[in-house]
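Notes follow once the structure below has been shown.
The values are calculated or read from the model by the stated rules, or taken from the named source; none is laboratory data. These numbers come from a predicted model, not from an experiment. Cβ sites come from the backbone with ideal geometry, for glycine too, and all protein chains shown count toward neighbours.
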2 protein chains.
Amino acid sequence: MPELRKDPVLGRWIIIAKERGKRPTDFIVEKSESKGGFCPLCPGNEKTTPPEVLSYGDSAHMPNTPGWTLRVVPNKYPALIIEGDLDKEGEGIYDKMNGIGAHEVIIESPNHDKAFADLPPLKILLVLKAFRDRITDLGRDPRFKYVMVFKNFGKAAGASLEHSHSQLVALPILPRMVLSELEGGRSYYKYKERCIYCDIIRQEIKLKTRIVCQNDLFIVIAPYAPRSPFEMWILPKRHSSSYINQDDASFHALASIFSECMRRLNICIPNVPYNFVLHCAPLRSEPLEHYHWHFEIMPKLTQIAGFEWGSGFYINPTPPEDAAKFLREAKL
Amino acid sequence: MPELRKDPVLGRWIIIAKERGKRPTDFIVEKSESKGGFCPLCPGNEKTTPPEVLSYGDSAHMPNTPGWTLRVVPNKYPALIIEGDLDKEGEGIYDKMNGIGAHEVIIESPNHDKAFADLPPLKILLVLKAFRDRITDLGRDPRFKYVMVFKNFGKAAGASLEHSHSQLVALPILPRMVLSELEGGRSYYKYKERCIYCDIIRQEIKLKTRIVCQNDLFIVIAPYAPRSPFEMWILPKRHSSSYINQDDASFHALASIFSECMRRLNICIPNVPYNFVLHCAPLRSEPLEHYHWHFEIMPKLTQIAGFEWGSGFYINPTPPEDAAKFLREAKL
């Protein structure tokens, strides 16, 4: 019998269609053809992107020239734009504001053919630190309330460029999903005086069945009510609401576990398209007792159709216990 | 400059990327190859589906044999199953219940090659009445709280069968999206003592810019904060929370306007994949002053990627005023 499971933070229900019990090999992913052609993110083509806002690499190299190991540039076709004042306005019963924000592209490696999952942990470390540095910098702009960091990998997951990159959008309002998580965490804390994510981690460590991998500082789980097959969450074991205030040891441990779980996923379903999203506290927050930063990684293996649109429910053909077992047992 | 618009009922923000200003011809839809092969929904193959729960047609014809003009059967691979008791259970901090529900397929026509948008209004009328009859019947089962009626058309919108069909799922709980609409409507009503959808209709009729088409009883608009390009909502002009209690004149007017707006959409973007969802009051509700039933039609032209997953925001490259104009001016 299918099982309805509730996400404990958001209250979102998921239908686990056990009967379908899809295994990794049931998901066939077509390798998107390497298009060749011109890549604006490759070294030598720096002039085709807007000027960089951050780069790491050889200290001798000039900005916007080759020699970088990681580069952050404004998106050439931004969803929101950085210049202007924030204007809020009514239109009869409707509300609108102008689209102030920043939209940046993190070019993760100079190597066109290297996917994020194939980067060595020390290169992933650079990406994770670039997220920190850009969030910190954008957090100084009082117009922004939140920086959403995410990655689209593969055409099916919305990537339009092949060269490995992630993105961030600085927003003038707290998005709904962040608000819902904060509210879910707050109402649990009010009742229990404990962080709900800390309780989730405790229960998962006790049960073991949904653990993908872990190290001293981080744990990767298949969440209890996953929207998508093989969904994974990376959580710091020690309570913290702030991604940017991690110490160096924590960044190293995160890079190592991020690399490991992505390699496991890639062994189970080679070349799988996916999205990941960093969930963290709003900009300039005090440390929050009721919120716990984390990454959510969502393979793109099922479709959003009428039922999902209308209900906000998701149908998932792979129980997370099965997914975690496949991921755990993948031979690295 | 892009514009952030808020859905007045749900509080969901949409980024209208005016600069991209996509016109109908910017959306290329590949015609999914007519696969031929075996179709379980075609006349003559009635024995390959579970036995029908409803059929319209020649009164002389026997159940589960050809002669029908419309047929409703249980889904062979249901997301939820009808037998059993509703069990709710905790699992530590998590909550679950077993997947009791009904999942049915409405076979809209015996003609394999006739898409919904191509059906004459009198055939669409049958589909709309089948929705009513099945909701009414399933509403007698006290285990169910809501019947979600929807359609997936085209592979990109999640359809796995080509033969024109819609679906319904009877649910043991009120889905999140329905709850949010009911709450949005209730809180507006508390403040204004008017239905928010009635106010939306009044404002749209005054402004005219987002009207697609209308008749005496129904209006079709491009909503102010659409998730997708060319999104349309069909609303009854007279306040009502109950889809199933419409009189015959109302069903006729609905069939006529539904047919018209789908033909307009199909002229703008031939063969466009789409989802539609019926939004109506929970089963066995009293008439609700603060809720207004309607259909939402969402063409599948953009992708849900990391930003949308993380934020609950949608980026829409076609302002609804532009979409409404294209749809209005389509030559029928």
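In table form, for the structure just shown:
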read-out: Residue check for A:GLN246: within 14 Å of chain B (Cβ to nearest Cβ) and assigned to a loop (DSSP other than H, G, I, E, B); value: no
read-out: A:ILE244 being out of contact with any strand residue (DSSP E or B) (no Cβ under 8 Å at 6 or more places or on another chain), among the β-branched types (Val, Ile, Thr), closer than 30 Å to A:ARG140 by Cβ and touching a residue at least 24 places away in the same chain (Cβ under 8 Å); value: yes
read-out: Pair list, Cβ < 6 Å and 6+ apart or interchain, from segment A:301-320 residues that are more than 7 Å from chain B (Cβ to nearest Cβ) to residues that are modelled with pLDDT under 90 and assigned to a strand (DSSP E or B); value: A:GLU308/A:TYR314; A:TYR314/A:ILE14; A:ASN316/A:ILE14; A:ASN316/A:ILE16; A:PRO319/A:ILE16
read-out: Candidates B:LYS123, B:LYS114, B:LYS96, B:LYS129, filtered to the one that is more than 24 Å from B:GLU260 (Cβ to Cβ) and of a type in the set (Lys, Arg); value: B:LYS96
read-out: Members of segment B:169-205 found to be touching a helix residue (DSSP H, G or I) at 6+ places or on another chain (Cβ under 7 Å), more than 9 Å from chain A (Cβ to nearest Cβ) and in a loop (DSSP other than H, G, I, E, B), listed by number; value: B:CYS195
read-out: Checking A:ILE221 against (1) more than 14 Å from chain B (Cβ to nearest Cβ); (2) closer than 22 Å to A:ASP199 by Cβ; (3) β-branched (Val, Ile, Thr), the condition it does not meet; value: (1)
read-out: Residue count, segment A:18-56 (criterion: modelled with pLDDT of 85 or more and among the charged types (D, E, K, R)); value: 3
read-out: Any hit, segment A:127-146, residues being at pLDDT below 95 and acidic (Asp, Glu); value: no
read-out: Residue selected from segment B:142-167 under the condition within 13 Å of another protein chain (Cβ to nearest Cβ) and polar (S, T, N, Q), by the criterion surrounded by the fewest Cβ atoms within 10 Å (Cβ to Cβ); value: B:SER160
read-out: Test: residue in segment B:206-217 that is in a helix (DSSP H, G or I) and within 14 Å of chain A (Cβ to nearest Cβ); value: yes
read-out: Sole residue being surrounded by fewer than 21 Cβ atoms within 10 Å (Cβ to Cβ) and at positive phi, chosen from B:GLU183, B:GLU193; value: B:GLU193
read-out: Every residue from segment B:148-168 that is among the basic types (Lys, Arg) and in a strand (DSSP E or B); value: B:LYS151
read-out: In segment A:177-226, the residues that are of a type in the set (Val, Ile, Thr) and modelled with pLDDT under 95; value: A:VAL178
read-out: Strands (runs of 3 or more DSSP E) lying entirely in segment B:66-141 (those with 1 or more residues that are surrounded by fewer than 19 Cβ atoms within 10 Å (Cβ to Cβ) and away from chain A (no Cβ under 11 Å)); value: B:68-74
read-out: Matching residues, segment B:249-290, being touching a residue at least 40 places away in the same chain (Cβ under 8 Å), more than 14 Å from every other protein chain (Cβ to nearest Cβ) and either acidic (Asp, Glu) or assigned to a strand (DSSP E or B) (or both); value: B:GLU260, B:GLU289
read-out: Pair list, Cβ under 7 Å, 6 or more apart: segment B:1-18 residue under 21 Å from B:ILE196 (Cβ atoms), other residue in a loop (DSSP other than H, G, I, E, B) and aliphatic (A, V, I, L, M); value: B:ARG5/B:ALA225; B:LYS6/B:ALA225; B:ASP7/B:ALA225; B:PRO8/A:ILE93; B:ARG12/B:ALA225; B:TRP13/A:ILE173; B:ILE14/B:ALA225
